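Student: Can you keep this structure in mind? I'll have questions shortly.
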Amino acid sequence: MRPAQEALVREQSPDALVTDLHFVWNVRVAEELGVPCVRFSVIGAFSSLAMRHLELLAPDVAGGDPDPDVVAVVPRFPGPPVRMPRAELPEFLRRKAEVGCSTRNPFYAAQADCFGLAVNTFSDLEQHYCEMQMRQGYVKRAYFLGPVSPRPSPGCIDWLDSKPDRSVVYVCFGSLAPVSDAQLRELALGLEASGRPFLWVVRAEEWAPPEGREERVRDRGLMVTTWAPQTAILGHQAVGAFVTHCGWNSVLETVAAGVPVLTWPLVFEQFITERLVTEVLGIGERLWPHGAGVRSTSSAEHELVPAEAVARVVMAFMPPGGPGDAARGRVRDLAAKAHAAMVEGGSSHRDLRRLVDDLVEARSAAGGIKSVLAPIGSPFHG
């Protein structure tokens with residue numbers, strides 16, 4: 001992508017550049033053009049810092065035996081200890097020793113060189129980890145602008161309208177979920193056996209539900225194989241829990257909606273984000289129960305979790321007075337703080353204004369500013 005993207009940036013001659021973390025060359029292009037470059041992170045501060053500390057401060061955890069009993073502890077990290085089985089570490093950390101990577105990660109070097117870092121989060125959600133970005137000198141400036149997500153849109157939620165408040169389990173593993181057909185079958189049977197209404201967004205082109213499911217579940221379960229309006233679903237009063245892969249956008253959306261979670265991480269930083277959700281924030285529990293099989297960031301290493309284990313966790317979490325109630329109370333408190341962060345005068349609103357003001361000031365100091373333009377999809381578009 002680099003040649004075409006770099007040529008486009010130079011052709012547009014922007015006053016400022018907002019770039020994805022992976023496009024490290026944009027920092028150099030911005031320097032040559034004499035404009036500020038802000039990197040935008042779609043991963044939360046907690047997981048980003050945990051990966052950085054594991055890579056640079058605990059090199060002995062990289063590579064080696066993926067035995068789930070071998071545990072890495074994130075060093076020099078605020079809050080409760082974050083313990084990660086090696087099999088649940090992002091694959092780039094597990095393979096570092098194999099490929100002989102340098103300790104100077106080009107992503108971190110580019111981040112330190114750029115004008116600042118914008119993160120899709122808000123201070124009340126990740127305050128300690130937000131502050132560490134600046135305190136450790138990882139970035140020159142940091143802006144916490146979230147939760148950045150589309151507003152709820154009207155969609156196919158008539159089915160939810162027919163269900164009691166907080167009764168439905170919503171299940172969605174994102175757009176690229178590497179879940180085996182055998183595990184999808186166990187999940188389907190487990191949700192069925194739980195006795196709870198469920199709305200499941202399934203991303204599997206060739207997988208078919210267990211035979212006879214429709215007759216057994218009837219109108220208690222709805223499976224969606226196309227796009228679903230997630231923010232509208234999470235905002236519906238019938239939804240009582242969200243089974244999530246712990247992708248950061250999904251975490252922010254469920255926090256903003258005040259819905260507790262049951263976690264089933266799959267790849268990259270999602271196992272680290274799970275620790276934030278379950279152990280630090282306390283807004284959910286694992287759907288993949290402890291002892292139910294090996295988990296890994298490599299889908300080939302996942303062990304099959306039986307339907308009985310899935311049903312047992314759902315049945316324990318959902319009833320009134322159960323662990324779901326405590327998680328729901330905490331996530332509702334965070335939802336109020338998320339909305340307060342985005343309104344005028346809130347922490348994210350202030351950081352947004354500070355970002356714009358800093359960019360204008362930097363560009364003006366460099367020789368005048370024509371306009372402040374943001375690409376569609378950027379955190380401050382519109």
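The values are calculated or read from the model by the stated rules, or taken from the named source; none is laboratory data. All of these numbers come straight from a predicted model, not from anything done at the bench. Here the Cβ positions follow ideal geometry from the backbone for every residue, glycine too, while neighbour counts run over all protein chains shown.
Student: Pull up segment 29-57, narrow it to residues that are part of a loop (DSSP other than H, G, I, E, B) and among the aliphatic types (A, V, I, L, M), then point me to the one that is nearest to ASP357 (Cα to Cα).
Tutor: Top of the filtered list is VAL35.
Student: Can you name every residue in segment 303-317 that is exposed (fewer than 15 other Cβ atoms within 10 Å of the Cβ), among the hydrophobic types (A, V, I, L, M, F, W, C) and in contact (Cβ under 8 Å) with a residue 40 or more places away in the chain?
Tutor: Passing the criteria: only LEU304.
Student: How many of the residues making up segment 230-249 are crowded, with 17+ Cβ neighbours inside 10 Å and either outside any helix (DSSP H, G or I) or basic (Lys, Arg) (or both)? Please lay out each step first, then the result.
Tutor: First pass over segment 230-249, keeping only residues crowded, with 17+ Cβ neighbours inside 10 Å: 230-236, 238-249.
Narrowing further to those that are either outside any helix (DSSP H, G or I) or basic (Lys, Arg) (or both): 235-236, 238-247.
Of the residues in segment 230-249, 12 are crowded, with 17+ Cβ neighbours inside 10 Å and either outside any helix (DSSP H, G or I) or basic (Lys, Arg) (or both).
Student: Are there any pairs with C-beta distances below 6 angstrom linking a residue in segment 225-249 that is without any contact (Cβ under 8 Å) to a residue 60 or more places away in the chain to a residue that is surrounded by fewer than 23 Cβ atoms within 10 Å (Cβ to Cβ) and in a loop (DSSP other than H, G, I, E, B), with the two at least 6 apart or on different chains, and if so which?
Tutor: Qualifying pairs under 6 Å: THR225/VAL202.
Student: Does any residue of segment 170-180 turn out to be in contact with an Asp or Glu (Cβ under 8 Å, 6 or more places away or on another chain) and modelled with pLDDT of 90 or more? Working first, answer last.
Tutor: The initial filter retains those residues of segment 170-180 that are in contact with an Asp or Glu (Cβ under 8 Å, 6 or more places away or on another chain), namely none.
No - not one qualifying residue is present in segment 170-180.
Student: Looking at the structure I just gave you, is GLN111 over 25 Å from ALA336 (Cα atoms), in contact with a Phe, Trp or Tyr (Cβ under 7 Å, 6 or more places away or on another chain) and at pLDDT below 95?
Tutor: So GLN111 fits the description; yes.
Student: Give the number of residues within segment 169-221 that are outside any helix (DSSP H, G or I), surrounded by 17 or more Cβ atoms within 10 Å (Cβ to Cβ) and acidic (Asp, Glu).
Tutor: Total satisfying the criteria: 0.
Student: Then there is this: Please determine whether any residue of segment 2-13 is part of a loop (DSSP other than H, G, I, E, B) and small (Gly, Ala, Ser). Walk me through how you get there before you give the answer.
Tutor: Keep residues of segment 2-13 that are part of a loop (DSSP other than H, G, I, E, B), which gives 13.
Next cut, small (Gly, Ala, Ser) only: 13.
Checked segment 2-13: at least one residue is part of a loop (DSSP other than H, G, I, E, B) and small (Gly, Ala, Ser).
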